[in-house]
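Below: the structure, in structure tokens.
The values are calculated or read from the model by the stated rules, or taken from the named source; none is laboratory data. Computed from a predicted model, the values in this text were never measured in an experiment. We place every Cβ from the backbone using ideal geometry, glycine too, and count neighbours over all the protein chains shown.
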């Protein structure tokens, strides 16, 4: 049997590879009633023969680490969709990954957990990257949770 190799869907994930840093706005939510500012840092790299994109994320508030996360992004050929597994410093991990796909230059994922629905939009340009998280109780009416604009370092 011949070993599989990454295909064009996996190759699209390479657009994120590198280090990114930028300003973030954290909107009022169950975690904080106040709007807050933060600095976010992402480090993306391809792994496991080019089949997966790994991300390490750190959020700084007043120059102090306040949140960290680790993501594993891949493409499921059988389901014909991208997936995102997320683990974070709040103990967050989902039994099922968020799933989604590309919409132009945006990679959009959605999932549902006990806390409700979440939508994650990663918009990539050669040197600019924006990321937003929206939340919803019903999966129809969405509100902004976090918005970040980053530059490649």
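Key figures for this structure:
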{"quantity": "Residue that is in contact (Cβ under 8 Å) with a residue 60 or more places away in the chain and either in contact with a strand residue (DSSP E or B) (Cβ under 9 Å, 6 or more places away or on another chain) or in a strand (DSSP E or B) (or both), where the choices are 82, 87, 109", "calculated": "82"}
{"quantity": "Test: residue in region 58-65 that is farther than 27 Å from residue 115 by Cα, exposed (fewer than 14 other Cβ atoms within 10 Å of the Cβ) and modelled with pLDDT under 95", "calculated": "yes"}
{"quantity": "Filter result (more than 14 Å from residue 144 (Cβ to Cβ), under 14 Å from the mean Cα position of the chain (by Cα) and surrounded by 15 or more Cβ atoms within 10 Å (Cβ to Cβ)) within region 22-50", "calculated": "40, 41, 42, 43, 44"}
{"quantity": "Given (1) assigned to a strand (DSSP E or B); (2) at pLDDT below 95, index of the condition residue 32 fails", "calculated": "(1)"}
{"quantity": "Evaluation of residue 14 against (1) assigned to a strand (DSSP E or B); (2) modelled with pLDDT of 95 or more; (3) within 20 Å of residue 108 (Cβ to Cβ) (one fails), failing number", "calculated": "(1)"}
